[in-house]
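Participant: Would you mind keeping the following structure in view while I ask a few things?
Here, each number is a calculation from the coordinates, and none is a lab measurement. Computed from a predicted structure; not experimentally measured. As a convention, Cβ positions derive from the backbone with ideal geometry for all residues, glycine included, and neighbour counts pool all protein chains shown.
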Ligand code: HSE
């Protein structure tokens, strides 16, 4: 069959012919934008050697043009209107690293309509508007690449979309927010309280502009919606992710987990079950000996269970300027290589061909079945008996029931580890525990995950 020669190679030896550089327009020159600019400049030659052509930032949109000039130097055009960059005639690909969902949606859709590829690290944008954005991109035959949106430095989107394509993915579980992992590590290792640890994470540039997105689990939920879509072939479904952040966690919870031989992590889980998909972000106790429990500071870790691959694990920085730039530039190299190819030859946006994406039912909160840890404040040690008896009456399987070791601030706590039980049964048992005269204060409950492959 005759094929037109590929214009990127000469007709004799397959030697690449010089292609003009890929021209980038960038919106946002904050932490991630500046990091991207810096790494592109520093590694220019080797990036071009991999991409087969240069990658040049030609225009940047910034709110503060004077400050932006100090980052981009004299040769890059600066504009204060992002929409002009999105639709700029000399731009091949838009890099959107400004964040937010309202205006960013408009810029990205305008760039797509103008026939430009898009690279973004904006997980909120894709989690909330991914359906519309990917549909527009298909219509206009352009790529939307987003490796930097999930677990920044870890090429997890590439792993799911390309490396694991043979597998039926059973579950994905991860620590996918650097800020909260940093806070939890500082609470455990440095004895900092929550507010001090958060202030440090902000000073280090890990946190979102609004850190509530981090500490309330929303950022991890955005990322989980993207992971689940790529793992299971479902449309991006952020609205159904069950989300609980770390704002109510106390030093005491961290100490109790330690006593039981566990670490508390903010864990995102997407798992196939018989009745539907579990989609949830919650603080959870992991066995202290599990590799995931060793993921500390702003690092991220992700486990993927495939039916053929078995469990695979990915580890790397979960936040940071150049760490995110690493992913953004990898996406730019992909775009540089695919530019000019037919859309049907490219890796689909969510790993599955668009017509093969199917919505999957998401399990309700009460139906999600895991192990649990309960902490029950009581008046005296004898009250452990009443706690155990109530859990037995409620048919909650109890694996451990023990007294909390001496703690400087807290006395009289019963610690429980349960076997697997639906959340609905645990909620009912907690409600009944709370009414016992032996119980001296609010009971606390966290999930326990063994993450066995
Ligand atoms: N605020 C995010 C985090 C940045 O802490 O993980 C990277 O997505």
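Participant: Tally the DSSP beta bridges in the chain and give the antiparallel ones as a percent, rounded to 5.
Facilitator: 65
Participant: Could you tell me how many degrees, from 0 to 90 and to the nearest 10, lie between the Cα long axis of helix 321-338 and the main elongation axis, the longest principal axis, of the Cα atoms of the chain?
Facilitator: 50
Participant: Please sort 29-35, 272-278 by packing, taking for each peptide the average over its residues of neighbouring beta carbons within 10 angstrom, highest first.
Facilitator: Peptide ranking by packing, descending: 29-35, 272-278.
Participant: If packing is taken as the average number of other Cβ atoms within 10 Å across a peptide's residues, how do 69-76, 138-145 rank, most packed first?
Facilitator: Highest to lowest by the protection proxy: 138-145, 69-76.
Participant: Working from the alpha-carbon coordinates of the stretch 365-448, get Rg over Rh, Rh being the Kirkwood radius.
Facilitator: Radius of gyration over Kirkwood radius for the stretch 365-448 works out to 0.95.
Participant: Round to the nearest 10 and give me the degree value, 0 to 90, for the angle of helix 194-203's Cα axis relative to the longest principal axis of the chain.
Facilitator: Taking the Cα atoms of the chain, the angle to 194-203 is about 10 degrees.
Participant: Additional query: Helix 123-140 versus the longest principal axis of the chain: what is the Cα-based angle in degrees, 0 to 90, to the nearest 10?
Facilitator: The two axes meet at around 40 degrees.
Participant: When DSSP assigns beta bridges and you keep just the ones with both residues in the stretch 156-317, what percent turn out antiparallel, to the nearest 5?
Facilitator: Beta bridges within the stretch 156-317, antiparallel portion: roughly 95 percent.
Participant: Starting from 0 in steps of 20 Å, tell me what percent of the Cα-Cα pairs of the chain lands in each bin.
Facilitator: With 20 Å bins starting at 0, P(r) equals 24, 50, 21, 5, 0.
Participant: In deg cm²/dmol and to the nearest 500, what is the mean residue ellipticity at 222 nm of the chain if only DSSP H runs of at least 4 residues count, each as -39500 (n - 2.57), divided by the residue total?
Facilitator: -10500 deg cm²/dmol
Participant: Now a separate question. Can you order the peptides 376-386, 101-111 by their average number of other Cβ atoms within 10 Å per residue, highest first?
Facilitator: The most tightly packed comes first, giving 101-111, 376-386.
Participant: To one decimal place, what Kirkwood hydrodynamic radius in Å is obtained for the stretch 135-217 from all pairs of distinct Cα atoms?
Facilitator: Every distinct Cα pair counted, the radius reaches 15.3 Å.
Participant: Give the calculated FRET efficiency between residue 365 and residue 63 to the nearest 0.05, with a Förster radius of 45 Å applied to their Cβ-Cβ distance.
Facilitator: 0.65
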